[in-house]
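Written below as structure tokens is the structure these notes are about.
The values are calculated or read from the model by the stated rules, or taken from the named source; none is laboratory data. None of the values given here were measured: they were computed from a predicted structure. Glycine gets a Cβ as well: all are built from the backbone with ideal geometry, and neighbour counts include every protein chain shown.
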Amino acid sequence: MKSLKLFLLAVIISSVSLTGCIMDGIHGSGDSVTTKYDFKDFTSVAVGYGCETVIEKGDSYSVEVVVNENLKEYLDVYQKGDEIVIRMKGMRSYSSLNLKAIITMPEIKSLSLSGGSRVNLKGEFTTASNIDLALSGGSELYGHLKGNNADMALSGGSRLKLSGGADKLEADASGGSYLDLAGFSVKSCLIGASGGSEFKVDVSDRLSVSASGGSVIRYKGDPKLGDISLSGGSEVKRM
């Protein structure tokens, strides 16, 4: 019994200490500063902490990140394999944060957005590989992507609007997320939607849907309807 009490006490102390670290907020102030990074041969980008990002299509590689001058020491930017990561150092909250990035790259295979980040793609990105997109925490993505197959996962009220296309699309959305893929043409499409999420899709061959919680899937094209599972007032209907 004594050991159990000591264990519980240690857990409580650790939790309080951890909470204190997380609540250690830092206020952004002063002018913004720009840092250039010499990264090469990347095809994936991950951004967080509300980073406003522009990714331009080009033959070369470049990465520039802007942040409040007094927060530069907390900036966490690095390359791991073929992925660029742009975020702030964890276990802190940041107020009045001005975090922006301008990236140039020839090809996009994967994008990961979190914490209310926003990415705008400039130019038409095409890859012979698959495309993986993950958005969470109210993040947003806009632009043109074209690839082999596409895998998309959105949560927490995230949004995207894309043109382009793929042979096969697998997409999952939750928490009131919104995917406007009316200009993103696919042959086959497998959709999972929950929590009032909404899709607009352009499908030519086959459409399968599992939707709950008042989600709505609107489609155009003349696909064969495959497995359709609807609950909680969800709908599948033509645009």
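Of note:
- Subset of region 113-128 (residues that are without any contact (Cβ under 8 Å) to a residue 40 or more places away in the chain and either under 17 Å from V85 (Cα atoms) or part of a loop (DSSP other than H, G, I, E, B) (or both)): A128
- Qualifying residue in region 157-168 (condition: over 15 Å from the mean Cα position of the chain (by Cα) and outside any strand (DSSP E or B)): no
- Within region 17-30, one or more residues are surrounded by 10 or more Cβ atoms within 10 Å (Cβ to Cβ), part of a strand (DSSP E or B) and at pLDDT below 95.
- Scope region 210-233; condition crowded, with 21+ Cβ neighbours inside 10 Å and either among the aromatic types (F, W, Y) or over 22 Å from the mean Cα position of the chain (by Cα) (or both); matching residues: Y219
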